[in-house]
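The values are calculated or read from the model by the stated rules, or taken from the named source; none is laboratory data. In this text, all values refer to a predicted model and were calculated from it rather than measured experimentally. Cβ atoms come from the backbone with ideal geometry, glycine included; neighbour counts cover every protein chain shown.
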Amino acid sequence: MAENPAFAVQEIGQSLWLDFIHRKALQDGEFQRRIDEEGVVGVTSNPSIFQKAIGDSDTYDEAIRANLDLSANEIYESLAIADIQQATDLFRPIYDKTNKQDGYVSLEVSPLLASSTEETITEAKRLFKAVDRPNVMIKIPATPAGIPAIEEVIAAGVNVNVTLIFSVENYEQVAEAFIKGLERRLEAGESVEGIASVASFFLSRIDNAVDNILKNNMRAAQVHGDTTRIAANRRMLGQAAIANAKLAYRSFQRVFEGQRFAKLKAAGAQVQRPLWASTSTKDPAYPDTMYVDQLIGKDTVNTLPPNTLEAFVDHGTVEGATILRNNETYLDPTSVMENLAELGIDMGQVTHRLQVDGVDAFIESFEKLMQQVAAKRTLLKTGLIDRQKLALGIYNEQVSKAQTEMDKSFIVGRIWSGDGSVWKDHGPTIEKIQNRLGWLHVLNTIDIERLKQLQASIKDSNVTNVVLLGMGGSSLAPEVMYKTFGKAEGFPELKVLDSTDPARIQAVEDSIDLPNTLFIVASKSGGTVETMSFYKHFYEKTGHNGSQFIAITDPETSLAQLAQEKAFRDVFINPADIGGRYSALSYFGMVPAALIGIDLDRAWSSARTMIEANRPEIPAAFHPGLTLGAVIGALAKEGRDKVSIFTTASISSFGDWAEQLLAESLGKEGKGALPVVGATVGKPHDYSSDRLFLYLRIDDDSNLDEVDEGIRTLREAGHPRMTLRLPNPYALFGEFFRWEFATAVAGYQLEVNPFDEPNVTEAKEATKELLQHYQEHGSLPQSEPFIDGTSVKLYADETTVAPLRELGRAHNYDEESRTQVLAAQITGTNTGDYFALLVYLTPDEETEAKIQEIRRRLRHVTRRAVTLGYGPRYLHSTGQFHKGGPNNGVFIQITANVETDIDIPGEPYSFGTLFQAQAAGDLQALHNHNRRAFRFHIDGDIDEGLQKLLDAIEFVENRNQ
């Protein structure tokens, strides 16, 4: 007998088929190798196999790309038929050599037709004709609707693989249908030669189901101490499937060795061979080749998945026709069935349930496959896969592991199903998270047609300006849209007011034609102090004209009530389950988009495409949101936690929105990934080893070559980089969703709740206390500077000052010199630290240029990340990260005197007082968290004061040379 078990079974009369198909294996020689080395003489497939092959790999992408105009079902069928044709051609020599006994490849009719006899018949005939190969078998389930279909299809001369057989009774029905089909052909004078069929009898699923019942029986018996019953149940573990198969084989012998089939056999008919399917063991306690070793017999087929085939070739045993014998391990099949019945197990009920579940499982796989093909078609049609480039170097493995782990944990599907336990296991927290996932469903909750009506009402009207009054999530996305697209012809200019700086408020007021201005009051809570202060100011300025105001808020807020009372022009009630920073595609983002004339259809199409591309059906390796989130999360855990976001010119403001999303979502529990935006690309020597570079580029943008070159240089220096190539600015609407999903994924990676902002309220509460002090004393509390200069004063608490003094002494710095004390702070950082410039100045062109110079020089001298935020705007953005993220920040708050002021109607304090209180409140909150934070207060000329900070940086640079 042959030494290789795979060839040895053939000498006994059994054929080994492979339960697997994949285009790559067909093309790279794997199938041919299995034929030559492992004795494979046929192939079976099913919807689950095709789902894994097509849905979970990129092998089929080019073929899908060539058929993008077809439906998902048509694409699948073209792919499947092409694979079946290639496989049948490969196995054709075996088909010819074995006189049509082997060399078959199976293709299943759609499982969606399992309950329809007529549709199954039509589909089987159509597929048989479409494949157009004599050695193809069409798979039909042995369901009540499938049995008559089998007879009809056999009578039509179609080769049939009957699948999902679990009981002996059902097997006998299948054999009867096969014989009837042949008899009808013979009676009609047609040939019965060469019509092949196998009856696929499933195994491991039976043991899995029966063993579960037996184990439950054993647990019940243990409660009563019934050791006899425990032993009786234990003895039956792993017995049912093999016993069931042996009984089916006895039926096969009786039927196909009997007088009735003899007539057909004499006319050239083949027997319908039993095929053992589901042959990989589910229980690791069982031998991995048990369903092969124990079921060897003449005129049988065993179809094996690759791992089981490899195990059998490696250590399988071939001891003759084992299907005809019993042994000490596997009992007489009749006795097994009698024992199971005595133990209360109804095998008829078990096998019926397994067949129903089997059909459902194939339907689920088929539907998932259709969804995956449709989603993959969308990805390929839009070029999202090709436009997403990773260059992660040594971090590729970590990202790949993260993707695989999340795939196995069904993270994407759980996010879409609203499962808050993805992030936390605390019941009340899970409930809160579940009420913050509405951003996933904007396609269903945001009324685009209503927005179009608003847009039509504003076009070519007397409204010349729109002023958005909002903070953070209510203002950042609209600002990105306006800076990217500007206003369309016939639409008003947009101004975003998100600062309590009186000079900024006055500048906005001076730039508009007040009677022809529409104000958007945007606040999720309806009570945001800054937003409502802006409203009070401009409501007074318009002469209490509610028709000049639109409100965007959550249901039943005080703002919603106010809008009704004051007869606002319109009120948009946003879904309550959308958090502020996840609201770009909600009314908070799309109402301003409509008012400046953005093409809403084009914007929504971009969003829809990205949303569909992030569905659970997309494989993890190609999932846009999961991939970006895995990159951010996995690299942050590896110490690359400074996420530098670069863009080309036309979308340069996108980083401001992404900054809030990442910082406020991930910076908590001492963890996080710090977004660094608005900086120049710089040179490799400007960066330490804590950076990840994310690059968004628009095709043909004005500075594309320049930024490309800078990013390429960083990559060549070994920094990890991910590039997102966008075809045009409208792709940003899709990016809003990709980044929202990615942030949720990164939150899972970092084990934080990305939907709360626990530390944001601290600065707000500190501000309230300061304002209360102002109301009681007529002024804000004052502290003494630790260095008092003529133009600049430095303020800090002892947590910051004490280490500075120690650093100064260590480096021989003058403790009384402002420049050298600042230099000590700049010098005294560790790898992984970052600087945050917190600026409470009016950002005119000259000041902005000076601040950016400080930022560049500080990065160059220290190689530390340097973030920049204007207050109080950043309090609703990076403020959460500053207090809740890692304690590795050095915070330089830059303030100045308020030269002009504006009263807030109905409040006992002014905008100037509020502005100053917010700066002081934030500094206090930073000190409460023992952050290294000091206040750099300019008492005089702003440019002169900022130069003092540059002098300190230059001092450090000179000392380093």
- Message: So, restricting to helices (runs of 4 or more DSSP H) that lie completely within the range 214-287, which ones have at least 3 residues that are within 30 Å of V192 (Cβ to Cβ)?
- Response: 240-256, 259-266
- Does W416 qualify as being aromatic (F, W, Y) and within 13 Å of F755 (Cα to Cα)? no
- Message: Suppose we keep only residues that are aliphatic (A, V, I, L, M) and over 17 Å from W276 (Cβ atoms) within the range 246-265. Which one would you say is surrounded by the most Cβ atoms within 10 Å (Cβ to Cβ)?
- Response: L264
- Qualifying positions in the range 104-141 - assigned to a loop (DSSP other than H, G, I, E, B) and either in contact with a Lys or Arg (Cβ under 8 Å, 6 or more places away or on another chain) or surrounded by fewer than 24 Cβ atoms within 10 Å (Cβ to Cβ) (or both): V109, S110, S115, S116, D132, R133, P134, N135
- Message: Just to be sure before I move on: is G344 of a type outside the set (A, V, I, L, M, F, W, C) and in a helix (DSSP H, G or I) in the structure I sent?
- Response: no
- Going by the conditions given, is N302 assigned by TED's automatic domain parsing to the domain that holds V174, under 42 Å from the mean Cα position of the chain (by Cα) and polar (S, T, N, Q)? yes
- Is it fair to say K408 is surrounded by fewer than 14 Cβ atoms within 10 Å (Cβ to Cβ) and among the basic types (K, R)? yes
- Message: For the condition in the same structural domain as P478 (by TED's automatic domain parsing), among the aliphatic types (A, V, I, L, M), in contact (Cβ under 8 Å) with a residue 60 or more places away in the chain and surrounded by fewer than 23 Cβ atoms within 10 Å (Cβ to Cβ), what is the one hit in I596, I520, I552, I578?
- Response: I596
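Residue-by-condition table, conditions (1) of a type in the set (S, T, N, Q); (2) over 15 Å from the mean Cα position of the chain (by Cα); (3) not assigned by TED's automatic domain parsing to the domain that holds N614:
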site: S365; (1), (2), (3): yes, yes, yes
site: L369; (1), (2), (3): no, yes, yes
site: Q372; (1), (2), (3): yes, no, yes
site: R387; (1), (2), (3): no, yes, no
site: L390; (1), (2), (3): no, yes, no
site: I394; (1), (2), (3): no, yes, no
site: E397; (1), (2), (3): no, yes, no
site: Q403; (1), (2), (3): yes, no, no
- Message: Which condition from (1) farther than 22 Å from I323 by Cα; (2) assigned by TED's automatic domain parsing to the domain that holds E108 is the one that N216 breaks?
- Response: (2)
- Note on the structure: Residues in the range 508-531 that are β-branched (V, I, T), modelled with pLDDT of 95 or more and in a loop (DSSP other than H, G, I, E, B) total 1
- Just wondering, is there one or more residues in the range 31-49 that are crowded, with 18+ Cβ neighbours inside 10 Å and charged (D, E, K, R)? yes
- Task: Would you please name the residue that is nearest to G358 (Cα to Cα), looking only at residues in the range 177-190 that are in a helix (DSSP H, G or I) and without any contact (Cβ under 8 Å) to a residue 40 or more places away in the chain?
- Result: A177
- Message: Among the numbered criteria (1) surrounded by fewer than 23 Cβ atoms within 10 Å (Cβ to Cβ); (2) among the small types (G, A, S); (3) farther than 23 Å from D844 by Cα, which one does S511 miss?
- Response: (3)
- Message: Can you pull out every residue in the range 619-651 that is in a strand (DSSP E or B) and within 14 Å of G672 (Cα to Cα)?
- Response: K642, V643, S644
- Counting just the residues of the range 793-811 that are among the hydrophobic types (A, V, I, L, M, F, W, C) and part of a helix (DSSP H, G or I), which one comes out farthest from I938 (Cα to Cα)? A810
- Taking first residues from the range 905-924 that are under 16 Å from Q772 (Cβ atoms) and second residues anywhere that are β-branched (V, I, T), the pairs with Cβ under 6 Å that are 6 or more apart or on different chains are L914/T500; A917/T767; Q918/T767; G921/T767
- For the range 658-695, how many residues are more than 24 Å from K389 (Cα to Cα), part of a helix (DSSP H, G or I) and of a type in the set (D, E, K, R)? 1
- Among T627, T609, which is the only one that is among the hydroxyl-bearing types (S, T, Y), buried (at least 18 other Cβ atoms within 10 Å of the Cβ) and modelled with pLDDT of 95 or more? T627
